[in-house]
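See structure below.
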Amino acid sequence: MRQVRLSINPGRVLFGFSRIGYTPASAICDIIDNSIMANAKNIYILIRKENEKYKDTRQGNVKDYLIIDDGDGMDEKAIEQALELGSSDAFYGESTLSKFGLGMKSATFSQGDELEVISGRDGNFLKYIVSLPEVQESDDYFANQVDLDEEDEYLISTYLNEGKGTIVKIGKVRMEGHPSIKHTIEELKEKVGVIYYYFLRNDGVKIFIENEQLPAIDVLFCEEADLNGNLDENTWTGRDVRWIEKPKEILLDSESNVKAVIEVTQLPHPPTFRLEKRGGDTEIREKYLIESANYGFYVYRNKRLISWAETFKGIIPMNQDLYSFRGRILIDDTADDTFNIDVKKSTITLSDEAWNVISDKSREWKKKSINAWGRAKTLVNERKAEDPHQTSNEIINDLEIPKFLAGTKPVDEKIVREVEAFIIEQSQKRIEKAKAFVKREMLKENYPTVQ
């Protein structure tokens, strides 16, 4: 056998990272992973503008992203290892959040042309820069070690005054089509508390975006489920969070003995709350993150979210009656092959056995969730039928009847009352239809069921 050494074009590899499909928020989170592995307790995300006079809503105006942590910090050797493409396994300990040793590099070059790392211990900070254009020009992968400047010294004194920690800068951000600062901040506020829920809740980690601390967010709202108990789909009123399946260990792959912990809750039924006040349904949707993109399973690997509202290719179907279904699967890195996690740690392809196990377990959970949603929906229709003014009141509440138009005299109150009476009269037909629908449903079965 003859071994042939093959060359690699580092410039094209780094350029390939720029097409990997990160959003700015997901790229930032990949770098936060490193901060958490370095035992950081405080992590700061700063977004700086290219032109300060433009508002945060303007696209293509990000100069750079800074991720600063007060973790263990790195010496010269550790920084150089961290900058390698595909860092050695020896660089990472057990329960690492890293999978391929590419996160910081792929995340940075997906957004900008320059990676800057400042890190140190015992007050001795070093600075390295990897420039994509320079690597492409030289056809060699390398970093430049440079002196700290005044801005670096300011950041160190402000955020790392204990003499240790790391600053990662995603620099020379590519402007064309780049999301606005407002969009990225909103995405970070929505997702960071979910992604790092266990670290924020249990490990004393604090993450700040523009000096605002982000809270831990439990997407299953387990504390509320603990208070309210198990879901009975035949009596649930749609008003609270219930357990469908309390935390339970399951065997995903018998041959490799891969296990996971799985738990499922039923979130409230938003339309139920609109009967009580205008906008009540919107408040519940926002509080519990109930929308079409958020129902399914949330998969955590080593306590870090890797898949948001995962449907596992049909295990959780597209069905509005499942909007309140919320599951969580907890795995460690022994399940990596069973879950086939990609380089972004965001896309999962289950092994056949694992898919079958989760599919079988989910069948009864889905049935309970759909039946519970159906009961809540029927109760809403019953209440509308019992109150002949409910539908008309909703219409009137949503309709703003102007008292007068610009440039005209105020409209007589009598006319306003006549318009309201007309709306009520027209809505009676809808109410009668709702009554007839409820009667038909009650003649069939108590409540809709899943076949």
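Of note:
- Within segment 144-161, considering residues that are surrounded by fewer than 14 Cβ atoms within 10 Å (Cβ to Cβ) and within 32 Å of the chain's Cα centre (by Cα), the one nearest to residue 133 (Cα to Cα): 158
- Scanning segment 80-102 for residues that are touching a strand residue (DSSP E or B) at 6+ places or on another chain (Cβ under 9 Å) and not in a helix (DSSP H, G or I), we see that the one that is modelled with the lowest pLDDT is 99.
- Contact map, segment 320-333: first residue over 18 Å from residue 304 (Cβ atoms), second residue of a type in the set (Lys, Arg) and part of a helix (DSSP H, G or I), Cβ cut-off under 7 Å, separation 6 or more or different chains; pairs are 322/366; 325/366.
- Within segment 215-231, the set of residues being surrounded by fewer than 18 Cβ atoms within 10 Å (Cβ to Cβ), among the hydrophobic types (A, V, I, L, M, F, W, C) and touching a Gly at 6+ places or on another chain (Cβ under 7 Å) comprises just one member, 216.
- Remark: residue 212 matches the filter, which requires a residue to be without any contact (Cβ under 8 Å) to a residue 40 or more places away in the chain, under 21 Å from residue 45 (Cα atoms) and surrounded by fewer than 17 Cβ atoms within 10 Å (Cβ to Cβ).
- Taken over segment 12-37, residues that are more than 21 Å from the chain's Cα centre (by Cα), surrounded by fewer than 19 Cβ atoms within 10 Å (Cβ to Cβ) and among the hydrophobic types (A, V, I, L, M, F, W, C) amount to 2.
- If you go through segment 12-52 and keep only what is among the small types (Gly, Ala, Ser) and either touching a Ser or Thr at 6+ places or on another chain (Cβ under 8 Å) or in a loop (DSSP other than H, G, I, E, B) (or both), you end up with 18, 21, 25, 26, 27, 35, 38, 40.
- Of all residues in segment 56-79, those that are over 27 Å from residue 203 (Cβ atoms) have Cβ atoms under 9 Å from Cβ atoms of residues that are in a loop (DSSP other than H, G, I, E, B) and aliphatic (A, V, I, L, M), 6 or more apart or on another chain, in 59/175; 60/175; 61/175; 62/175.
- Here the condition is being farther than 18 Å from residue 376 by Cα and in the same structural domain as residue 308 (by TED's automatic domain parsing); of 246, 206, it holds for 246 alone.
- Residue list for segment 26-59, filter: closer than 20 Å to residue 213 by Cβ and hydroxyl-bearing (Ser, Thr, Tyr): 35, 44
- Of all residues in segment 264-296 being farther than 20 Å from residue 200 by Cα and aromatic (Phe, Trp, Tyr), the one that is surrounded by the most Cβ atoms within 10 Å (Cβ to Cβ): 295
- Pair list, Cβ < 6 Å and 6+ apart or interchain, from segment 349-360 residues that are among the hydroxyl-bearing types (Ser, Thr, Tyr) to residues that are crowded, with 17+ Cβ neighbours inside 10 Å: 351/338; 359/315
- Output for segment 187-205, where each listed residue is surrounded by fewer than 17 Cβ atoms within 10 Å (Cβ to Cβ) and farther than 15 Å from residue 288 by Cα: 201, 202, 203, 204
- Of residues in segment 238-254 being part of a loop (DSSP other than H, G, I, E, B) and at pLDDT 95 or above, the one nearest to residue 371 (Cα to Cα): 238
- The criterion of at least 1 residues that are at positive phi is met by the following strands (runs of 3 or more DSSP E) wholly inside segment 255-373: 296-301, 304-310.
- Subset of segment 215-231 [touching a residue at least 60 places away in the same chain (Cβ under 8 Å) and more than 30 Å from residue 32 (Cβ to Cβ)]: 231
- Among the residues of segment 221-236, those that are aliphatic (A, V, I, L, M) and either in a helix (DSSP H, G or I) or outside the structural domain of residue 285 (by TED's automatic domain parsing) (or both) comprise 225, 227.
- Set 63, 77, 127: member being out of contact with any strand residue (DSSP E or B) (no Cβ under 9 Å at 6 or more places or on another chain), at pLDDT 95 or above and not in a loop (DSSP other than H, G, I, E, B): 77
The values are calculated or read from the model by the stated rules, or taken from the named source; none is laboratory data. From a predicted model like this one, the values you see are computed outputs, not experimental measurements. When we count neighbours, we look across all protein chains shown, and the Cβ atoms used for this are built from the backbone with ideal geometry, even at glycine.
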